[in-house]
Amino acid sequence: MTDRPQLIIPHITAQTAFDRAAEKRRDTEWLDTQRASPEARLFLLIDLKFAIRSDPDRSKTRLRPFTARELGSVGLEMAGASFLGIAEDGAPLFALCLSPSEAARLPDGAETFAPLVDLRTLANQGEMPPAELTLAAQMRGLAAWHATNRCCSRCGGKLELREGGWRLDCWACGQLHFPRSDPAVIMLITQNGQCLMGHEPRFQDNMYSVLAGFVEPGDDIETAVRREIMEEAGIRVGRVEYVASQPWPFPHQLMIGCWGEALNSDLTLDPVEMPEARWFGREEVRQMLDKVHPRGHFVPPPLSISHMLIRAFADGVLG
Ligand SMILES: [Zn+2]
C-alpha cells in the first residue's frame, strides 16, 4: 500500500495473493464453468461472520473452504455465490453470504457452520495470513453492499445479480448498481512535536485516535481534511500530504490517510462529535502504543491505518 519503508502496514490491506480476474466477470459462460468446477472453493459468511477453521493449538486460523457438494448437502446453492477471483493454485474462489433469517433455515441454524467469527476479531487476533484477511475484507465489503441493496434505489424494483455479484441490475427500470466504497479521510495533525488525538463517544474507554471524517460532495482530499479538523477541533490546517490508504470494510469505506500541519493550537471542540481531544507528545504516544500509559490511555490496534499514522508519529517518521 505504500513505498515508505518506515511505515508499518495495517493488518487489513488490499495486498493479495489471488487474482480477482475482474476482466472475466462479464463472461457468464466462463463464470458458469468456474461455478461448476470441482476445484471451486466456497467461503461462507453468515450475518457478516466467517466460517473458519483453526489448528488444534489455535495458533493459525484460516477461512474454512467448502465444496459445492458440501454446501449442497444442507440445501445451499451456488447460484447466489459471488465470484472472488482465482487462487494461486488455479482454484476459483466464491463467497456465499447468508442473512440471519437464511441461516435460520439450515438444519441446525447458523450452528451448522460454527465457529463463526467477525473480521475485526480475526484481524486483531493476528493468526490469519494477511492474504486471507484481504480476501475476507473483500467478501465482507461486497456482502455488506448486497445486504443493504435489496431493491433498486431509483424505482424500488427487484435487483438481479450480475458479473458474479459485482453488479446488480434493476429488473424494472434497468438501472445498473455497482458496489460502493465511501471515501473517508483520516489524518495525523501535528504541531511542534505534538499530535492531535480525540476520544469519540463510540470508542472503548481510554482509547484515543487520530480524527477522521467522510469526504463530502464538492470536497477534494485536502479540503476534507481541513474542513473536518476545523469542524471537530477548531484547528486551521495548512499543508496536507497524502500518506497511504486502506480498504475498511465496516461497512465499505476507503480510508485515505493524510498528514497535516496545524496553524493554531487552541482547540474548540464539537461537543457532539468530538467531546474530548487534546495534543499528545511523542513520549506519551509511545506509552499509549506500549500500553504503559499511567492513566491507561491507549490507541487503536494494528489492524487499522489509524495505528499506522500514530506509530509513524511516535517513530518520528511523520510530524
Ligand atoms: Zn429500478
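The values are calculated or read from the model by the stated rules, or taken from the named source; none is laboratory data. Given the structure is predicted, the values throughout are model-derived calculations rather than measurements. Here the Cβ positions follow ideal geometry from the backbone for every residue, glycine too, while neighbour counts run over all protein chains shown. The accessibility values were calculated without ligands, DNA or RNA, using every heavy atom of the protein model including side chains. Shrake-Rupley method; radii C 1.70, N 1.55, O 1.52, S 1.80 Å.
Residues in the stretch 208-222 that are surrounded by fewer than 18 Cβ atoms within 10 Å (Cβ to Cβ) and touching a strand residue (DSSP E or B) at 6+ places or on another chain (Cβ under 9 Å): F214, D219, I221, E222. For the stretch 64-79, how many residues are surrounded by 12 or more Cβ atoms within 10 Å (Cβ to Cβ) and either in contact with a Lys or Arg (Cβ under 8 Å, 6 or more places away or on another chain) or not assigned by TED's automatic domain parsing to the domain that holds T121 (or both)? The qualifying residues number 6.
Would you pick out the residues in the stretch 183-220 that are outside any loop (DSSP other than H, G, I, E, B) and more than 16 Å from E231 (Cβ to Cβ)?
From the stretch 183-220, those outside any loop (DSSP other than H, G, I, E, B) are 183-191, 194-199, 207, 209, 211-214; that's our starting set.
Those that are outside any loop (DSSP other than H, G, I, E, B) and more than 16 Å from E231 (Cβ to Cβ): P183, L188, T190, Q191, Q194, C195, M197, H199, M207, S209.
Being open to solvent by 40 Å² or more (accessible area, probe 1.4 Å), among the hydroxyl-bearing types (S, T, Y) and not assigned by TED's automatic domain parsing to the domain that holds Q246 is the requirement here; does T13 meet it? When the stated conditions are applied, T13 does not pass them. Can you tell me how many residues within the stretch 40-54 are open to solvent by 10 Å² or more (accessible area, probe 1.4 Å) and of a type in the set (G, A, S)? The qualifying residues number 1.
Taking into account only those residues within the stretch 144-178 that are part of a strand (DSSP E or B) and charged (D, E, K, R), which is nearest to the chain's Cα centre (by Cα)? Filtering first and then ranking leaves R167.
Here is a yes/no grid of residues against (1) surrounded by 15 or more Cβ atoms within 10 Å (Cβ to Cβ); (2) within 16 Å of the ligand (Cβ to nearest atom):
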| site | (1), (2) |
| --- | --- |
| L93 | yes, no |
| A114 | no, no |
| P130 | yes, no |
| Q138 | yes, no |
| K158 | no, yes |
| D169 | yes, yes |
| A172 | no, yes |
| F178 | no, yes |
| I186 | yes, no |
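Of the residues R226, R202, the single one that is open to solvent by 10 Å² or more (accessible area, probe 1.4 Å), away from the ligand (no atom under 16 Å from the Cβ) and at pLDDT 95 or above is R226. Given the criteria over 26 Å from the mean Cα position of the chain (by Cα), aliphatic (A, V, I, L, M) and more than 21 Å from V237 (Cα to Cα), does V299 qualify? For V299, the condition - over 26 Å from the mean Cα position of the chain (by Cα), aliphatic (A, V, I, L, M) and more than 21 Å from V237 (Cα to Cα) - is not met. R154 satisfies every condition listed in (1) free of Cβ contacts under 8 Å to residues at least 24 places away in the same chain; (2) away from the ligand (no atom under 16 Å from the Cβ); (3) not polar (S, T, N, Q) except (2).
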